[in-house]
Every structure is written in structure tokens, then in C-alpha cells.
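Here the structure is laid out as C-alpha cells; the discussion comes afterwards.
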Amino acid sequence: MVAHGETFIAECFWPNVHEADLAELDRRVERTAAALNTVRYLGSILLREDEVVLCEFEGAAVNVREVARLADIPFERIIAARRSPWAGGASDRLS
């Protein structure tokens, strides 16, 4: 069962990464996360100019690391993250 817990980012330095690589990575991670059912995969972000991919997860650190390893994510590190509490409503507060 997927535990709703902390959010983690698997940070990947990935020279010459392309959208097709990212699509395959997302499919692989989604399959692995679904099979283990211990974390929720929230998707990836490509920072093209920096050749960095960020993969976001929700769950326990040990489970995130296991899914990242089994899905062959080329991560440098896995770090705890937190979303802004203002996300989603920022435009309402600016007017």
C-alpha cells in the first residue's frame, strides 16, 4: 500500500537527455512504483540547460530509494523536498 508521506526528489545529472529518454524513464518508474506499491511517483521535470532531471516521489525515504534503484533512475542523490503551501492559488493572491 502506498503510504502518503514525505516528498523526495531523485536528482539526476543526465548529459544529452532527450524527451524520449524522459518518457521511457517515466514509464519504467511508473511500472516499478505500481509493482511495489510503496511510493507514489509524481512525475519528472527536465531542466534542459543544466542537463538535470528531477523525479518526484511521495512515500518513505527507504521505499523511494528502492524504487529509484529498481527503475534504473540515474540519480546522483535523493533529497527530501517540500512544496510551497501557496502553490495553486498564487494568482488569486496577486490580484
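The values are calculated or read from the model by the stated rules, or taken from the named source; none is laboratory data. This structure is a prediction, so every number in the text was calculated from the model and none was measured. Cβ sites come from the backbone with ideal geometry, for glycine too, and all protein chains shown count toward neighbours.
Output the residue which, of all residues in segment 28-53 that are in a strand (DSSP E or B) and without any contact (Cβ under 8 Å) to a residue 12 or more places away in the chain, is farthest from Val17 (Cα to Cα).
For segment 28-53, the residue satisfying everything is Ile45.
Taking only pairs six or more apart or across chains, which ones have beta-carbon atoms under 6 Å, a first residue in segment 78-95 that is within 21 Å of Val53 (Cβ to Cβ) and modelled with pLDDT of 65 or more, and a second residue that is in a loop (DSSP other than H, G, I, E, B) and not basic (Lys, Arg)?
Ala80/Glu6
Do you know which residues across segment 1-52 are more than 14 Å from Phe75 (Cβ to Cβ) and of a type in the set (Lys, Arg)?
Arg27, Arg31, Arg40, Arg48
Would you mind telling me which numbered condition in (1) exposed (fewer than 14 other Cβ atoms within 10 Å of the Cβ); (2) modelled with pLDDT of 95 or more; (3) not acidic (Asp, Glu) Asn16 fails?
Every condition holds for Asn16 apart from (2).
Among (1) part of a strand (DSSP E or B); (2) out of contact with any Gly (no Cβ under 8 Å at 6 or more places or on another chain); (3) of a type in the set (D, E, K, R), there is one condition Glu56 misses while meeting the rest; what is its number?
It is condition (2) that Glu56 fails.
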